[in-house]
Amino acid sequence: MDYVRSPDAAVTTRRPPVPVKIIVAGGFGVGKTTTVRSISEIAPLTTEAEMTEVSVGVDRTRSESLKTTTTVAMDFGCVTIDHSLKLYLFGTPGQDRFGFMWDDLINGALGALVVVDCSRLDDCFQAVDYFERAGLPFAVALNTFDGRLPYDITEVRWALAVNDRVPVVAFDARTRTSVRDALLVVLEKALDQVLHPAAPR
Amino acid sequence: MSEPIGRIPPYLRTPPAGAAPAPPPPPIHHDAGHAGGDQVRQRPFVLTSGRVNAVDREIEFETQVTLRPYDPRTGRVPLASLGPEMQAMVALCQEPTSVAEISARLRLHLGVTKILVADLRAAGYLDVHVADTMSPHSPELILRVMRGLRAIS
């Protein structure tokens, strides 16, 4: 089949890269955008999207939870992996009091990095819960804001009540190589989950 | 009630011969993100004539969008007859661009962006690469991403 090109078609249609994505989640102000900025090859961009909120921690006698839809701002960036593969990093907005359901976003994701501020551990419970239930591979990354961790990783793991199979690491969101290593932990977990699907989570 | 994929909205259909020419379009802002600070902000879904659900649910945040070469056999409405947001989208997609990036750069709600991108595909201006995804459960894919990340220093 041959195409007759008009002058209008002078544009070179370059084959687009195949996109893959990793979610960067966590409570408000834990360093999600810093994480994305450190490794992204473009300055983080912000898009507004719909998110389904599930109210939790509120007395509800009925079994169903209250769901509302809200528009939230989401930061993202990208890393070119090779000529045909591009990694996108999406920072999900921090919600303290609400659980979130963002099935649209995690659909097709390789995994998630849950960024945690050790002084506000409970901010990340919703994200950990959500990814656990969704079966998405994830790792917990403790952001060492001033270069040191106030607690032992074992203590934090205990406080978070995550099982032994969930990687918990310390990292510095401001440092590119540190963010790179944290993402590699997520991918190792993803690989493990793919290669050993029968293992209990 | 679902709309069939590929439906061309009325305002994008090729006008009948002899129809009145479209009014001159406002200038295109190639970087609309930094322009129009003095513009009145519309409610986001005004741009989609009130439609709130993308016809194609496969369009994701990271889905790549490219310009479709003009095919004289099918024809299409003149670029100038499209809304300024759509013209800006066409300009932006000279290079492969993700839906999220279009949304961010044109400061359009993501849901609005998905709908307008689908409209522009139906109108013959854009290719939306929904099929070009890889299973996140492929070990080869994960290893490739790991190799790419390790190269970062």
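All of the numbers you see were taken from the coordinates with simple rules; none came from a lab. Source: prediction; values computed, not measured. Virtual Cβ from ideal backbone geometry, glycine too; neighbours counted across all protein chains shown.
A simple spin-label model places the labels of A:Ser84 and B:Phe45 4.0 nm from each other, with each point 7 Å out along Cα-to-Cβ.
Estimated from the Cβ-Cβ distance and a Förster radius of 25 angstrom, the FRET efficiency linking B:Arg147 and A:Leu195 is about 0.90.
Among A:Ser178, A:Leu142, A:Asn163, pick out the residue whose Cα is farthest towards the positive end of the charge dipole of segment A:135-181, where Lys and Arg carry +1 and Asp and Glu carry -1 on C-beta, about the Cα centre. Highest projection toward the positive end goes to A:Ser178. Between B:Glu140 and A:Arg133, the FRET efficiency from the beta-carbon distance, with R0 = 30 Å, is close to 0.65. About the centre of its Cα atoms, segment A:107-184 shows a dipole size close to 280 debye [charges on the beta carbon of Lys, Arg (+1) and Asp, Glu (-1) only; nearest 20 debye]. When only the Cβ of Lys, Arg, Asp and Glu is charged (+1, +1, -1, -1), the dipole of segment B:61-153 relative to its Cα centre reaches about 100 debye. Run the reach check for B:Lys114 against lysines, Cα to Cα strictly under 28 Å, same-chain hits fewer than 8 apart removed. What comes back? In chain and number order, the partners are A:Lys21, A:Lys32, A:Lys67, A:Lys86. Post the alpha-carbon centroid distance, segment B:96-136 to segment A:162-201, in whole angstrom. Using only Cα atoms to place each centre, the spacing works out to 30 Å.
Taking the Cα centre of segment A:98-145 as origin and assigning +1 to Lys and Arg Cβ atoms and -1 to Asp and Glu Cβ atoms, the resulting dipole is close to 100 debye.
Hey, with R₀ at 51 Å, roughly what FRET efficiency would A:Ala73 and B:Arg73 work out to, going by the Cβ-Cβ distance, to 0.05? It comes out at approximately 0.75.
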